[in-house]
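K.L.:
Structure incoming, see below.
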Amino acid sequence: MAQRSNTCHEKCPFWKKYKKNCPNFVEGMWKTHEGHIYNTMDCAPKRSMILMQQCYDHMLNVRTDYNQVRNVTEKMIKLVGQQNNIDVLIGSEDVEEAKLIEG
């Protein structure tokens, strides 16, 4: 059986402070194909889930900001075109509003 190591140990600042009451602590049991059963103490699954949620939220915010910039740029181009008597080919029917994926 390969060497197994827990991510929760004495060097972890959360483990030093909270022990098994750490907000990220997960205790699990794994069984290998060879039939070996071992217990793990791990905080990586919860920390990874939280990080992924933060990345997803950031992506939504960036996309929303980009849509706002695009809309303001379109208005500015139209305004400049009107002031200079130039026909501007940008129309709101040409630009489809981005649809965010919400689960």
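K.L.:
Scan the stretch 61-71 and give yes if some residue there is at pLDDT below 85 and surrounded by fewer than 11 Cβ atoms within 10 Å (Cβ to Cβ), otherwise no.
P.N.:
Taking every residue of the stretch 61-71 in turn, none turns out to be at pLDDT below 85 and surrounded by fewer than 11 Cβ atoms within 10 Å (Cβ to Cβ).
K.L.:
While we're on this one: Considering 5, 48, which residue is in a helix (DSSP H, G or I) and of a type in the set (Gly, Ala, Ser)?
P.N.:
48
K.L.:
Answer yes or no: is there a residue in the stretch 28-36 that is at pLDDT 75 or above, surrounded by 12 or more Cβ atoms within 10 Å (Cβ to Cβ), outside any loop (DSSP other than H, G, I, E, B) and not aliphatic (A, V, I, L, M).
P.N.:
For the stretch 28-36, residues at pLDDT 75 or above, surrounded by 12 or more Cβ atoms within 10 Å (Cβ to Cβ), outside any loop (DSSP other than H, G, I, E, B) and not aliphatic (A, V, I, L, M): absent.
K.L.:
So which of 11, 75, 17 is among the basic types (Lys, Arg), surrounded by fewer than 10 Cβ atoms within 10 Å (Cβ to Cβ) and at pLDDT 85 or above?
P.N.:
Just a single option satisfies the conditions, and that option is 17.
The values are calculated or read from the model by the stated rules, or taken from the named source; none is laboratory data. This structure is a prediction, so every number in the text was calculated from the model and none was measured. Cβ atoms come from the backbone with ideal geometry, glycine included; neighbour counts cover every protein chain shown.
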